[in-house]
Amino acid sequence: MIAERLANEGWSVAIHYTSTEKEALATQKTLGSACSGVYRADLSDRKQAGPLFEEALADGPIHAVVNNAGVYMPLDFLNSGDAAFSANFHKTFAVNFDAPVAIIRAASKHFVTTGGGKILNVASRVGFKGEGGAALYAASKAALINLTRSLAVELAPKNIQLFGIAPGWTDTAMVREGTRDRFAEIKESIPLGRMASPKDCAATATFLLSDDAAYLSGVVIDINGASYFH
């Protein structure tokens, strides 16, 4: 949805996927000439992150990056086996933090040569508030949030802006499937009476990447229907 909204705003959009080739190609078809390319990389292997940026850059100029890849794998912190814990830890931080770090480094080195650029990181509400049963996921998003803030300060003199969005519950097929027995309860806990939609997230992301946000950097905007403040 972020890709579609940016394309509608006049951006040329490069699409990354790991395993959902069918969906990526469908999005490419929807974007038409506004899609600059489709690229596969497994971001659980951080060595693929930098080359992913370079591959996209070879096909045209890059002015902004959206780090939207992520995994959510609940885990019993005390009772999971050591092997399961280690696997969860590795993949969660590899995809949610290590890969964005590598992409941000590659993008920032490029933006220094072009006069600046924008980087948007998709975090989560739990990066601020935590979540029982998903401590590693929450920790990875907290790390991403503070990376965004710190690099906003460090890279501002280079005209590189960093932003984040922190969605709460978002009405996607994955969420509906995973919360089928709690869906109504979750909606009742949100003062605005509904989950966020992908369009809500895309609208905020598009604003942050627009010229209207030219004086913003380091902000991480909550998208949670007034369900949480910090």
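The values are calculated or read from the model by the stated rules, or taken from the named source; none is laboratory data. Please read these numbers as outputs of a predicted model, since none were measured by experiment. Because the Cβ atoms are built from the backbone with ideal geometry, glycine has one as well, and the counts that use them run over all protein chains shown. Ligands, DNA and RNA are excluded from the accessible area calculation, which covers all protein heavy atoms including side chains. Shrake-Rupley method; radii C 1.70, N 1.55, O 1.52, S 1.80 Å.
Quick look at the values:
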read-out	value
Structure-based [θ]222 nm, the chain - -39500 (n - 2.57) summed over DSSP H runs of at least 4, per residue, nearest 500	-13500 deg cm²/dmol
Neighbour cut-off at most 15 other Cβ (10 Å), DSSP loop, trypsin sites (Lys or Arg not before Pro), segment 81-184	R180, R182
Potential extension, N146-N159 segment - 0.36 nm per residue separation minus Cα distance	2.8 nm
Residue among D42, D211, D171 with the largest mean-square fluctuation in a Gaussian network model of the chain, springs linking Cα atoms under 10 Å	D211
Accessible area of the chain belonging to carbon and sulfur atoms, whole % at 1.4 Å probe	54
About the Cα centre, charge dipole magnitude for the chain (Lys/Arg +1, Asp/Glu -1 at Cβ), debye	180
Segment 121-172, accessible area per residue, ligands and nucleic acids excluded (1.4 Å, Å²)	37
Contour minus Cα-Cα distance for T113 and K22 (0.36 nm per residue)	29.2 nm
Neighbour-limited loop hits for GluC sites (Glu not before Pro), segment 1-85 (at most 14 other Cβ within 10 Å; DSSP other than H, G, I, E, B)	E9
Check: segment 57-188 dipole with +1 on Lys, Arg Cβ and -1 on Asp, Glu Cβ, in debye	440
Computed Kirkwood radius, in angstrom, where 1/r is averaged over Cα pairs of segment 97-155	12.3
Segment 58-174: radius of gyration and largest Cα-Cα distance (Dmax), Å	15.7, 50
Cα→Cβ-extended label distance, 7 Å offset, between F207 and T179, nm	2.2
